[in-house]
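Student: Take this structure first; my questions come after.
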Amino acid sequence: MSNIETTYKKDIAACLDTDANRIFLYWKGRVALYALLKTMGVGKDDEVILPAFTCVVVANAIIYLGAKPIYVDIDLQTYNARFENIKKAVTPKTKVIICQNTFGLSSDIDKITTFAKEQNIFTIEDCTHGFGGYYNQKPNGTYCDAAFYSTQWNKPFSTGTGGVALVNNDNLPEILQIVNQELINPSLKQKISLKFLYFVREKLLNEHTYWLLVKLYRFLSRHNLVLGSSSGEEINSIEMPPNYFMKLSDIQIKKGIKNLRSLPETLVARKENAHIYTEYLMNRNKNYVPFSLFENHSFLKYPLLVKNKEEVFRVAEKHQIALGEWFCSPIHPVQKDFELWKLDTVLYPNADYASKHIVNLPTEIKDMNKVLNFLDKIEQNVL
Ligand SMILES: *Cc1c(COP(=O)(O)O)cnc(C)c1O
């Protein structure tokens, strides 16, 4: 193991209040999930429970192993699946329950893990939004048998693309080591394009260039000249892409070590800003995330339900507010052929409603007045 890999694992472990030998590194978060599912023995005809408000890559990892994704509708306050509904979805074929801390919020984790243990079902926490946050008194990711984190651009801290697995169940690390023997190294081309992306992000992207670059990006995407965070095949098909099961490179590890250092400061800012949003929305009788839900949450984004999403995005662009669009579909960003992923959106009315009405307010923001001014402008549109 390289020196920097050991350092990175130790740094991550320190944040999560765990041991470095429980930390495993991957090219992306989805790859970490795939490795964990495989380690738990998920295979043909097994069922894996997940929220019907997630990224398609989560369902893909299940499907790539021959297993069946079983979706559970979400609660419109926490944007997570409720314990009672998860319980109803369990069958003798259920092998794993995936709990997600959507936008950094978790719910019912203790009830779910207690129940799952009794039933001999594994639990995995999707902590791709929640690195650094807490559920009750313990760090996100430490309640379930295992957890995975993402260090993609838009996640709590970034390595460009990147994934981390945390294994809490003592029976699993040894099996995971064997699964990991199949990991392949990123190619030179992949490393070079990562370095190029770092350059663009760090040297060219700033408050002044953001909207110009957004326009450029849209133009290039329309002409198929850029790769998004998910390759086309992951959104259009359920075939596992070639070179999927990949390691994290040293280039990413170096970024991770550096970027993890500024995370505590960012987390404080995110929470303070979430507080400001809640107060603002509560005073105007709009939908908000109650204080009781986020004492120690990481608040990657602040969810807001609006009547007309397109209109709100239009006004946001005019005011130069970088709104997020998670999740624009129960399996973001898929918009059609849901049956490929065994999803009948009619069965999940809350997730369907949320994906049609949700926008995400940025929480890592210096000038909150600018965002509040924007909220004033769209007040009639906020639910
Ligand atoms: C981003 C995300 C993932 C996947 O993370 P990657 O590192 O991009 O593979 C999984 N689940 C959720 C909820 C996400 O938002």
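Student: Can you give the local net charge around residue 190? Use residues other than it whose beta-carbon is closer than 13 angstrom to its beta-carbon, Lys and Arg +1, Asp and Glu -1.
Tutor: Details: positive: 28, 189, 191, 195, 247; negative: 250.
Here the charged neighbours net out to +4.
Student: Across the stretch 117-132, in residue order, what do the Karplus-derived ³J(HN,Hα) couplings come to in whole Hz, using 6.51 cos²θ - 1.76 cosθ + 1.60 with θ = phi - 60° and x for Gly and Pro?
Tutor: For the stretch 117-132, the Karplus curve yields 4, 4, 8, 6, 10, 6, 10, 10, 9, 7, 9, 4, 9, x, 4, x Hz.
Student: For the stretch 21-36, what does the Karplus curve 6.51 cos²θ - 1.76 cosθ + 1.60, with θ = phi - 60°, yield as ³J(HN,Hα) per residue in whole Hz, taken in order and with x for Gly and Pro?
Tutor: For the stretch 21-36, the Karplus-derived couplings read 6, 9, 9, 9, 10, 9, 5, 8, x, 4, 6, 4, 4, 4, 4, 5 Hz, x marking Gly and Pro.
Student: Using just the helices of the chain, give the 222 nm mean residue ellipticity in deg cm²/dmol: DSSP H runs with n ≥ 4 each add -39,500 (n - 2.57), and the total is spread over all residues, rounded to 500. If you can, show how the numbers build up before the last one.
Tutor: Details: 14 runs with 151 residues, N = 383.
Computed ellipticity for the chain at 222 nm equals -12000 deg cm²/dmol.
Student: When the dipole is taken about the Cα centre of the chain, and only Lys, Arg (+1) and Asp, Glu (-1) are charged at their Cβ, what size is it in debye, to the nearest 20? Could the numbers behind the result be given before it?
Tutor: On the way: 45 positive and 41 negative charges, 208 e Å.
With Lys and Arg at +1 and Asp and Glu at -1, about 1000 debye.
Student: Rank by packing, highest mean first: peptides 233-241, 44-52, 176-184, with packing defined as the count of other Cβ atoms within 10 Å averaged across residues. Please report the intermediate quantities before stating the final value.
Tutor: Details: 233-241: 15.1, 44-52: 20.8, 176-184: 13.1.
Going from most to least packed, we get 44-52, 233-241, 176-184.
Student: Of 262, 296, 274, which is farthest towards the positive pole of the stretch 233-297's charge dipole, taken about the Cα centre with +1 and -1 on the beta-carbons of Lys, Arg and Asp, Glu respectively?
Tutor: Most positive-ward Cα: 262.
Student: Separate question: With a cut-off of 8 Å between alpha carbons and a minimum separation of six or more residues, what is the relative contact order of the chain in percent? Before the final figure, lay out the partial values.
Tutor: Numbers: 678 pairs, mean separation 79.3, N = 383.
Reported relative contact order: 21 percent.
Student: Hey, another quick one. Against the globular-protein guess of 2.2 N^0.38 Å, express the Cα radius of gyration of the stretch 227-381 as a ratio, rounded to two decimals.
Tutor: Working: Rg = 18.3 Å, N = 155, 2.2 N^0.38 = 15.0 Å.
Ratio of Cα Rg to 2.2 N^0.38 Å: 1.22.
Student: Which order do the peptides 26-32, 256-262 take when ranked by the mean count of other beta-carbon atoms within 10 Å per residue, highest first?
Tutor: 26-32, 256-262
No lab work stands behind these numbers, since they all come straight from the coordinates. The structure presented is a predicted model; accordingly, all values stated were derived computationally and were not measured. Ideal geometry is used to build each Cβ from the backbone, glycine not excepted, and the neighbour counts take in all protein chains shown.
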